[in-house]
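The values are calculated or read from the model by the stated rules, or taken from the named source; none is laboratory data. What you see is a predicted model; the values in this text were computed from it and never measured. Please note: Cβ atoms are built from the backbone with ideal geometry, for glycine as well, and neighbour counts cover all protein chains shown. SASA here: full protein model, heavy atoms, side chains in, ligands and nucleic acids out. Shrake-Rupley method; radii C 1.70, N 1.55, O 1.52, S 1.80 Å.
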Amino acid sequence: MSLHRARRALIAVTAAAALSALPAAAADTVLNLYSARHYQTDEALYSDFTKRTGIRINRIEAGDEALLERLRSEGANTPADVLLLVDATRLWRAQIDGMFQPVRSQALEARIPAHLRGKDDGKGAEWFAFSTRARVIVYNKATVKPDQVPSYEDLAAPAFKGKVCTRSGTHPYMLSLIGAMSEHLGEAKAEAWARGVVANFARSPRGGDTDQIKAVATGECGVALTNTYYLVRMMRSDAAADKDAVSKIGMIWPNQQTWGTHVNVSGGGVMRNAPNRAAAVKFLEYLASDSAQAYLADGNNEWPVVATAPTSNPVLASLGKFKADTLPIASVGRAQVTAAKIIDRVGWR
Ligand code: FE
């Protein structure tokens, strides 16, 4: 070794020693987290991760579409390590855009059921669900009897002419449901069903899920679709208007006699070019831990994906148990392509 090279090696060793002498949090990684989740309770989740691992989290929060837009413009140079999104349609879209890399992790595979992992072709999954929500039917107790509408298919029945309200078919929550219908019924039957639902509209689609619940409560709509956490949020509300609305409506778990109620997810994966891959995997494993599962689920009135994770959300628990559709979440995401064609053809706008 030349003197020059020896000196360079010594400098490198000294620098490494100096680095390892720093406290873990300062010397260690910062995890760049791009998240479409925006719940106050997530704060505690992130600080708990930092406490356990010494890895700090630099969080970029925005709506799902805005985040995906930002990632597309940052391209391969994005500093993002982990991306968290809501709904299988968006997770699948991010996967198709090549944003994720496969992750092989015993912890994730042991705790997250296979049908709640996205694109797993033997090298590990590209994304994982961390919480679930169901898409249920709410009805006006004065105008609709629950046994009239035990399934999504019934929303197309002639009896509901002028009574059905939904948000736009272009929204991911609707694309996922319509896509799942097409997976179960086949494209032609799903399209006939969708045409029947559109023919039953009480008004043209508008607003979000909470708006549908409120319109059912006022009687403008007889039946509507909503994700469960919007309903539970309203059930937990102290506002007089919400209490009044909740008193006027009932909820149905659709398709209990057939394939089960449509379930969707929030989830995430490790970015293809993650600068801090090891930290990113650690973070996903943390999200599957009991305490993180409880934060994720209770914070937004969702269910944990880890069956044994304890939760404490009495109002959510009061909805009771139900048969959930076990269609692989990846195929729900993929089915949006068919769903988009269907909504175009039937005018579910
Ligand atoms: Fe939502």
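Restricting the first member to the stretch 196-211 and to residues that are aliphatic (A, V, I, L, M), and the second to residues that are away from the ligand (no atom under 16 Å from the Cβ) and part of a helix (DSSP H, G or I), the beta-carbon pairs closer than 7 Å and six or more apart or on different chains are 197/155; 197/156; 198/346. For the stretch 313-322, the condition of being of a type in the set (Lys, Arg), within 22 Å of residue 169 (Cβ to Cβ) and open to solvent by 30 Å² or more (accessible area, probe 1.4 Å) holds for none of the residues. Is it true that residue 224 is within 16 Å of the ligand (Cβ to nearest atom) and open to solvent by less than 30 Å² (accessible area, probe 1.4 Å)? So residue 224 fits the description; yes. Taking the conditions (1) surrounded by fewer than 18 Cβ atoms within 10 Å (Cβ to Cβ); (2) within 30 Å of residue 316 (Cα to Cα) in turn, residue 123 satisfies each one other than (2).
For the stretch 227-244, which positions are within 20 Å of residue 145 (Cβ to Cβ) and open to solvent by 40 Å² or more (accessible area, probe 1.4 Å)?
Within the stretch 227-244, no residue meets the criteria.
Just wondering, is there one or more residues in the stretch 169-181 that are under 26 Å from the mean Cα position of the chain (by Cα) and either open to solvent by 50 Å² or more (accessible area, probe 1.4 Å) or modelled with pLDDT under 95 (or both)? The answer is yes; a qualifying residue exists.
List every residue pair whose Cβ atoms sit under 7 Å apart, with the two residues 6 or more apart in sequence or on different chains, where the first one lies in the stretch 300-326 and is touching a residue at least 60 places away in the same chain (Cβ under 8 Å) and not assigned by TED's automatic domain parsing to the domain that holds residue 116 and the second, anywhere, is assigned to a loop (DSSP other than H, G, I, E, B) and open to solvent by 20 Å² or more (accessible area, probe 1.4 Å). Once the first residue is touching a residue at least 60 places away in the same chain (Cβ under 8 Å) and not assigned by TED's automatic domain parsing to the domain that holds residue 116 and sits in the stretch 300-326, its partners that are assigned to a loop (DSSP other than H, G, I, E, B) and open to solvent by 20 Å² or more (accessible area, probe 1.4 Å) give 322/253; 322/256; 323/256; 325/259. Going by the conditions given, is residue 136 farther than 16 Å from residue 341 by Cβ, of a type in the set (A, V, I, L, M, F, W, C) and assigned to a loop (DSSP other than H, G, I, E, B)? The answer is no for residue 136.
Determine, yes or no, whether residue 103 is at pLDDT 95 or above, buried (at least 18 other Cβ atoms within 10 Å of the Cβ), more than 30 Å from residue 72 (Cβ to Cβ) and out of contact with any Pro (no Cβ under 8 Å at 6 or more places or on another chain). Show your work before the answer.
On the way: at pLDDT 95 or above: yes; buried (at least 18 other Cβ atoms within 10 Å of the Cβ): yes; more than 30 Å from residue 72 (Cβ to Cβ): no; out of contact with any Pro (no Cβ under 8 Å at 6 or more places or on another chain): yes.
So residue 103 fails the test.
Of all residues in the stretch 247-263, at least one satisfies being open to solvent by less than 60 Å² (accessible area, probe 1.4 Å) and within 16 Å of the ligand (Cβ to nearest atom).
Conditions (1) part of a loop (DSSP other than H, G, I, E, B); (2) at positive phi, marked per residue:
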residue	(1), (2)
83	no, no
91	no, no
109	no, no
119	no, yes
126	no, no
143	yes, no
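For the stretch 185-200, indicate whether the set of residues that are away from the ligand (no atom under 16 Å from the Cβ), within 20 Å of residue 231 (Cβ to Cβ) and not aliphatic (A, V, I, L, M) is non-empty. Checking the stretch 185-200: not a single residue is away from the ligand (no atom under 16 Å from the Cβ), within 20 Å of residue 231 (Cβ to Cβ) and not aliphatic (A, V, I, L, M).
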